[in-house]
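Here is the structure we will look at.
The values are calculated or read from the model by the stated rules, or taken from the named source; none is laboratory data. Because the structure is a prediction, the values reported are computed rather than measured. Positions of Cβ are backbone-derived with ideal geometry, glycine not excepted, and every protein chain shown enters the neighbour counts.
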Amino acid sequence: MATTLILMLFCGEIIEELVLISNTVFIVIYIIGSVSGMLLLDKKKIYPAVSLIVCVAILLFVGVNVIYPILIVAAAVVYTTIRNNLTD
């Protein structure tokens, strides 16, 4: 992640865009954590649900920058699927 931001900075990207992309990645990670909390917690699912709703609302404001974390998640899912198929 840091390498990508440094390369984008030297290629002439705007600092605000770089910070927004970085924050978007962390919001997506927080959303994944909230979904995990909803799946793992038995009685107190309301707290991760509220967290999920707030994070999705925040994610709506980042616009086009949401593409970068979606590509990261898609690559991770493809890699995990291929790795699991090779080990079976």
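Laid out as a table, the results:
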read-out: Count - residues of the stretch 39-65 that are surrounded by 17 or more Cβ atoms within 10 Å (Cβ to Cβ) and either part of a helix (DSSP H, G or I) or touching a residue at least 60 places away in the same chain (Cβ under 8 Å) (or both); value: 6
read-out: Any hit, the stretch 33-54, residues being touching a Lys or Arg at 6+ places or on another chain (Cβ under 7 Å) and of a type outside the set (Ser, Thr, Tyr); value: yes
read-out: The listed residue being touching a Phe, Trp or Tyr at 6+ places or on another chain (Cβ under 8 Å), aliphatic (A, V, I, L, M) and closer than 22 Å to residue 4 by Cβ, out of 25, 66; value: 25
read-out: Condition check for residue 36: of a type in the set (Gly, Ala, Ser), assigned to a helix (DSSP H, G or I) and surrounded by 14 or more Cβ atoms within 10 Å (Cβ to Cβ); value: no
read-out: The stretch 29-73, residues that are modelled with pLDDT of 90 or more and of a type in the set (Gly, Ala, Ser); value: 33, 34, 36, 37, 49, 51, 57
